[in-house]
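A short write-up of the structure that comes next.
The values are calculated or read from the model by the stated rules, or taken from the named source; none is laboratory data. This is a predicted model, so every value here is computed, not measured. Note that we place each Cβ from the backbone using ideal geometry, even for glycine, and neighbour counts take in every protein chain shown.
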Amino acid sequence: MKQKYTILRDDEKKELVIKEFAELDKEVLSFLCEETYQKEAIEAAIAEGKASVITALRTHNMYPPGLYADKIAESVMVLYNSEGKSEESLSADIFFNDFEFLTKNQPEPEPEPEPAEETEEEAEDIDDLLEDDIETDFDKAPINPINSPLKIAEDESLDVEEET
């Protein structure tokens, strides 16, 4: 799925607006969500670092995945660190394609640490679990067969009439 985030810095209202769009139909981006943030809160988060910006931008309505949130936070930081009133310094569009994200080469996982040597006590516990000390008492008393036939009471009928 393709997604687009539009980031608008509105200095007159002292706000930051982020709009989220997604491709629900082929080649058509549909509006999903809009979040507005106060300028002071964003600037305070920028002063603390990217992790704080990501935390400040995530809400119940808009909670982008980590990779997306990282790039959105970078764009917000660039918008607030840039000087001037040009259109480029007041807005940014970020495009994501899940297909590219899923097919991108993932870093190889770190090798797992070698297991610690087993102590003698742990080895004995495992050996105890593997022993075949199954009691055979359950085989001595078989289930008794039912010798009597089942009978239906005479007053009960097999024909069920629906009540209306």
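A few points about this structure:
- Output for the range 35-69, where each listed residue is of a type in the set (Lys, Arg) and under 26 Å from GLU12 (Cβ atoms): LYS39, ARG58
- Candidates are the residues of the range 70-116 that are assigned to a helix (DSSP H, G or I) and over 17 Å from ARG9 (Cα atoms); the one that is modelled with the highest pLDDT is ASP70.
- Filter result for LYS50 (modelled with pLDDT of 70 or more, in contact with a strand residue (DSSP E or B) (Cβ under 8 Å, 6 or more places away or on another chain) and of a type in the set (Lys, Arg)): no
- Of all positions in the range 72-81, at least one carries a residue that is touching a helix residue (DSSP H, G or I) at 6+ places or on another chain (Cβ under 7 Å), hydroxyl-bearing (Ser, Thr, Tyr), touching a residue at least 12 places away in the same chain (Cβ under 8 Å) and farther than 21 Å from LEU102 by Cβ.
- Residue in the range 20-59 that is nearest to PHE95 (Cα to Cα), counting only those that are more than 21 Å from the chain's Cα centre (by Cα) and assigned to a strand (DSSP E or B): LEU29
- Residue tally, condition touching a residue at least 40 places away in the same chain (Cβ under 8 Å) and more than 20 Å from ASP70 (Cα to Cα), over the range 1-40: 2
- Exclusive hit being surrounded by 10 or more Cβ atoms within 10 Å (Cβ to Cβ), touching a Phe, Trp or Tyr at 6+ places or on another chain (Cβ under 8 Å) and at pLDDT 80 or above, set LYS39, LYS19: LYS19
- Among residues of the range 41-60 that are basic (Lys, Arg), those with a beta-carbon under 8 Å from a residue that is in a helix (DSSP H, G or I) at least six positions away or on a different chain give the pairs LYS50/ASP70; LYS50/ALA73; LYS50/GLU74; LYS50/MET77; ARG58/ALA69.
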